[in-house]
């Protein structure tokens, strides 16, 4: 039995490393093309920042996995990796919500949206995520500081509520957009439609277990020892599979094209605006 569990943990360990390494390379390519070869628009600014957050999460996960294998587990490692995971989730929720609003209320969104909304929101998210994660972690003794039970209870409850709200925003925006396009809208499918739906699915299947692990870390580690490595693997899938999604949505069947062209088709934005709001040249799901 112990040998079977040891094999199970070893398989999870190596699969996590492979997924994280592949995702690290993929997000690095997305950052390279979005940062230097694709014109910035209101929606791919979010994608650029999501790729940066995913790159930081996967890089820290790889580094800390190697350190844990030699020095043992440390709660500080988990807090640092979760910080970037939370930032990526917040950025993804902002993208899904704005994409949903821009299609349901195209005229209002086009007229009322300030020009630099995406950049301002991304800066705000990067600024607010560290205190939202580090304050409850410090109060709960995860940063090698003393435990403050009352502050830990209040701050951790606020942190969990915030994370669940972000997941709910991302999922609700994706579901509403899917229902609106499928049942209510007579216009063609909006750009980034497929990306929003796949992102919603990834949040439900892969991000929620990691949020649950953050919310009930001590209890889950005691009652369900296999859950933490599985949740970590799913979080790596959530952050690492997005470049593959971009590639699948941008490629054209039967054609062999440079990666830059595929990412341009998937992530680029046109300068003009269509009747449905911002026109973004992505293939349909």
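Taken together, the values in this text are just the output of simple stated rules run on the coordinates, not laboratory data. The structure displayed is predicted, hence computed values, not measured ones. Glycine also receives a Cβ, built like all others from the backbone with ideal geometry; neighbour counts cover every protein chain displayed.
Relative contact order of the range 11-132, please, whole-number percent, based on alpha carbon pairs below 8 angstrom and at least 6 residues apart. Present the calculation step by step, with values, prior to reporting the outcome.
Numbers: 89 pairs, mean separation 36.8, N = 122.
Once normalised by length, the contact order is 30 percent.
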| note | Per principal axis, largest first, the Cα atoms of the range 1-134 extend in Å by 63, 31, 27
| Debye log10 I(q)/I(0) for the chain, one point scatterer per Cα, at q = 0.11 Å⁻¹ | -0.67
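Report, in deg cm²/dmol and to the nearest 500, the calculated mean residue ellipticity at 222 nm for the chain, where each DSSP H run with n ≥ 4 adds -39500 (n - 2.57) and the sum is divided by the residue count.
Values: 12 runs with 211 residues, N = 285.
Estimated from H runs of four or more residues: -25000 deg cm²/dmol.
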| said: Order these by the 10 Å Cβ neighbour count, fewest first: 103, 54. | reply: 103, 54
| Mean-position separation - Cα centroids, the range 208-256 and the range 104-175, in angstrom | 19
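So if I take the alpha carbon set of the range 194-251, get Rg, then get Rh from the Kirkwood formula, what is the Rg over Rh ratio?
Values: Rg = 13.5 Å, Rh = 12.2 Å.
That ratio equals 1.11.
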| note | Over its alpha-carbon atoms, the range 124-252 yields an Rg and a Dmax in Å of 18.0, 58
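Please compute the volume of the convex hull spanned by the alpha-carbon atoms of the range 73-135 and report it per residue in Å³. Provide the component values of the computation, followed by the final result.
On the way: hull volume 4.6 nm³, N = 63.
Residue-normalised Cα hull volume stands at 73 Å³.
Against the empirical 2.2 N^0.38 Å scaling, what ratio does the C-alpha Rg of the range 104-160 come to?
1.73
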